[in-house]
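Inspection log for the structure reproduced underneath, given as structure tokens.
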């Protein structure tokens with residue numbers, strides 16, 4: 001780890017001050033707030049008429065309409081909601097890859113998005129993997145109050161989701177930050193995460209060593225999650241094969257995101273500062 | 001096989017393990033944690049068979065570099081390769097005598113010689129290979145072969161049982177085989193007779209060791225009166241004084257037994273009078289380095305007598321001859337059918353087996369010859385005769401008849417002549433005037449008649465002698481057209497005997513039996529062959545050393561050519577391949 005994670009949170013918070021979360025155009029759900037919701041509420045914006053039903057607030061009866069039609073008609077207004085961001089973090093051991101900026105980048109990126117969400121007056125919830133998905137302590141507070149995220153969970157993202165999925169708010173924005181390096185079809189997991197979401201963004205955060213194969217020579221690879229070892233002689237052909245495999249994995253995620261309406265982008269942890277424009281391109285962030 | 005000019009260059013071979021060490025250190029497995037082995041699935045293998053031991057894998061350029069280094073090290077050694085067209089044939093002369101099997105198994109000179117031969121064959125190639133066993137005479141062990149592996153069958157024929165090793169004859173044969181252009185290797189257990197070896201490319205390798213050995217050097221059994229006299233002579237043929245036990249038996253009966261203490265090269269003689277009826281005597285010595293010369297056997301000698309018919313009209317002369325014949329002890333009591341007729345007629349005697357001794361007619365006044373007498377000393381009739389000082393009366397005008405072989409003459413006057421007639425019978429003519437001679441008063445007279453009867457007796461069917469030395473010819477006159485020879489190991493061999501005398505094939509010591517003829521004419525005889533070769537049993541002179549060489553170092557070098565250019569070319573080709581692979585790898589990465 002090049003910098004302490006707490007410092008990464010501070011850095012992310014500072015970087016996030018320049019951005020605001022780019023809210024989707026579709027109506028959202030949420031607690032009472034400043035954004036128009038998708039349901040009827042108490043804002044000044046007219047939404048619809050409907051027949052009076054017992055229990056309706058008598059103040060909402062359109063008396064003019066009653067005078068014209070002799071029917072009790074209730075005037076509905078759009079509700080005003082506060083948008084919500086569910087930030088789903090992969091804190092499994094693979095995200096805590098030693099000698100890389102991957103865990104620091106995860107902290108920085110989470111802080112950045114949380115700050116940007118705050119700038120967009122969004123509420124937020126942080127979920128992290130462990131024995132199932134758990135809320136990050138003090139996640140409603142600014143990042144500096146989170147403390148370091150506990151990294152190195154033994155469960156992969158998919159396993160944790162299978163054990164205890166996050167309780168995501170409906171019609172909220174959802175952002176997944178993970179290296180997406182787990183076997184199996186990503187579509188089922190992605191479908192569940194996309195269900196009821198106003199938008200879903202998938203950020204693949206890779207270390208540079210994940211994106212590029214090791215240098216040629218004899219290498220003993222150790223899986224940080226399972227501890228499994230693999231001794232291999234890396235040459236040019238092996239490196240090429242590795243790159244092909246990574247490309248196929250990313251393609252499978254791309255296809256899955258396409259099917260679920262999610263946006264996918266890949267960031268390199270060591271180049272995070274220069275890669276934030278990619279988040280603007282997928283309309284996740286916008287200048288504050 | 002290549003030869004090496006600069007052996008010190010082997011030090012350069014250290015670079016090979018150094019290179020391997022460098023690569024090992026550089027290419028040993030470096031640990032690298034990865035987020036997941038998901039992306040390495042194509043390289044993962046099933047672990048159901050247990051954990052596999054991983055060894056560092058070296059890149060191909062390592063092997064190319066190793067190859068180039070090895071070539072350079074080899075080139076630095078200055079290797080020279082044998083050229084096929086300059087390679088010489090090899091002729092190996094193997095001492096086939098018994099002394100090559102002296103000592104315990106595995107340490108015998110034969111074993112050492114084989115070891116040395118294999119070392120030489122492993123070091124150097126030859127155009128062809130030929131083995132000659134040097135026994136009493138040289139013997140080719142097989143055809144010339146192009147490859148040393150093909151010598152195995154021939155080597156199995158090298159038995160080391162001969163009573164002598166005529167290495168000079170074997171070397172002469174080797175020279176004749178290849179006209180002197182071959183490399184000759186002599187494998188024996190003793191030094192050459194002369195320091196200077198015969199001319200030619202001869203390498204003499206002696207692989208013997210002095211050991212303690214007692215041996216029979218003489219054994220004989222001869223009729224003596226009514227009984228036989230036996231002689232055994234034992235020698236200590238070691239380099240130091242030693243003891244041994246001599247034991248002589250006849251069947252189950254121990255005839256003689258004595259513990260011997262002999263100085264080096266001293267002998268011990270045992271003379272035993274035994275009854276003529278006593279069967280085979282066997283003598284045995286205790287164990288020593290050479291077992292083959294520790295046994296001797298003596299069978300009963302055949303008492304040969306000749307049936308003589310007297311047809312001499314001169315009573316005085318007849319009486320003289322009759323008494324002389326009786327004194328030889330070789331005249332048979334009967335004279336029918338006669339084997340020797342002593343007569344005075346001009347015609348040869350009748351009888352299929354009858355030899356004749358014709359007493360030539362003498363004039364009244366015979367000449368008295370006092371010498372010098374000319375004598376064919378190689379003839380059986382003259383064995384032991386010395387005529388100086390005697391007077392021999394004969395016809396001075398007599399001449400040698402055509403077809404007669406003069407045996408004893410006085411100048412040009414024949415005294416004793418022989419002629420072989422058409423039937424193979426010998427007709428002897430004696431010119432002798434007893435009244436003018438003193439020869440009948442000397443020992444030469446009975447000796448002459450003993451020679452005559454002995455000569456006739458040896459021409460009888462059967463064996464002339466019953467106790468022989470190994471290596472001596474065993475003549476045999478069979479009865480009939482076939483003979484059956486039974487060897488000491490009880491195996492039998494049928495031998496065709498078209499006519500006359502044959503030589504029995506005797507190759508090993510022991511007691512043999514030979515049978516010929518049928519039914520009443522059947523002749524069965526036993527004879528003993530003994531290993532009585534003192535020179536061969538003498539292990540005091542055995543030595544391990546070598547003499548001679550296959551040419552000077554310069555000559556040997558001409559048989560080889562330098563392979564340095566080829567090695568350099570190969571190394572350059574390897575370097576090019578190395579460069580190409582490095583360039584290709586850079587392009588891919």
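A short reminder: the numbers here are calculations on the coordinates, not readings from a lab. Here the structure is a predicted model, which is why all the values come from computation and not from measurement. Methodologically, a virtual Cβ is constructed for each residue, glycine included, from the backbone with ideal geometry; neighbour enumeration extends over all protein chains shown.
Of note:
- Kirkwood-based Rg to Rh ratio, the range B:116-263, C-alpha trace: 1.12
- Rg/Rh for the range A:120-188, where both radii come from Cα atoms and Rh is the Kirkwood radius: 0.97
- Sorting the segments B:350-358, B:147-155, A:140-148 by their residues' average number of neighbouring beta-carbon atoms within 10 angstrom, most packed first, yields B:350-358, A:140-148, B:147-155.
- Rounded to the nearest 10 degrees, the inclination of helix B:109-123 to the longest alpha-carbon principal axis of chain B is 40 degrees.
- Shown for B:499, A:123: other C-beta atoms within 10 Å of each C-beta, ranked fewest to most, produce the order B:499, A:123.
- As a ratio to 2.2 N^0.38 Å, the alpha-carbon radius of gyration computed for chain A takes the value 1.21.
- Distance between the C-alpha centres of the range B:95-125 and the range A:105-142: 92 Å, rounded to the whole angstrom.
- If the convex hull is drawn through the Cα atoms of chain B, its volume per residue in Å³: 288
- Kirkwood Rh, angstrom, the range B:56-200 [1 / mean 1/r, Cα pairs]: 17.5
- Residue-span extension gain [residue B:11 to residue B:149] - 0.36 nm each, minus C-alpha spacing: 46.3 nm
- Helical content of chain B, expressed as a calculated mean residue ellipticity at 222 nm, amounts to -6500 deg cm²/dmol (DSSP H runs of 4 or more residues, -39,500 (n - 2.57) each, divided by residue number, nearest 500).
- DSSP bridge orientation in the protein assembly as shown - percent antiparallel, rounded to nearest 5: 65
- Cα centroid separation, the range B:462-496 to the range B:294-367: 28 Å.
- Partner shielding of A:223-230 amounts to 5, given as the average count of beta-carbon atoms from other chains within 10 Å of each residue beta-carbon.
- Shown for B:568, A:268: other C-beta atoms within 10 Å of each C-beta, ranked fewest to most, produce the order B:568, A:268.
- Normalised by the number of residues in chain B, the average gap of Cα pairs under 8 Å and 6 or more apart makes the relative contact order 16 percent.
- Relative contact order of chain A, taken over Cα pairs closer than 8 Å and 6 or more residues apart, is 21 percent.
- The spacing between the range A:169-204 and the range B:214-245, judged by their C-alpha centroids, is 116 Å.
- Beta bridges by DSSP in the range B:67-208, antiparallel share as percent, to the nearest 5: 20
- Relative to the dominant Cα principal axis of chain B, helix B:167-178 is inclined by about 60°.
- Proxy reagent accessibility, fewest Cβ within 10 Å first, across B:160, A:22, B:230: A:22, B:160, B:230
- Beta bridge orientation in the range B:308-458: antiparallel %, DSSP, nearest 5: 55
- Value of Rg/Rh across the range B:539-588 [Cα atoms, Kirkwood radius]: 1.55
- With all projection directions averaged, the alpha carbon convex hull of the protein assembly as shown covers 71.4 nm².
- Put a dot 7 Å past the Cα of residue A:77, heading toward its Cβ, do the same for residue A:237, and the two dots end up 7.3 nm apart.
- Axis angle, to the nearest 10 degrees, between helix B:315-328 and the longest C-alpha principal axis of chain B: 30 degrees.
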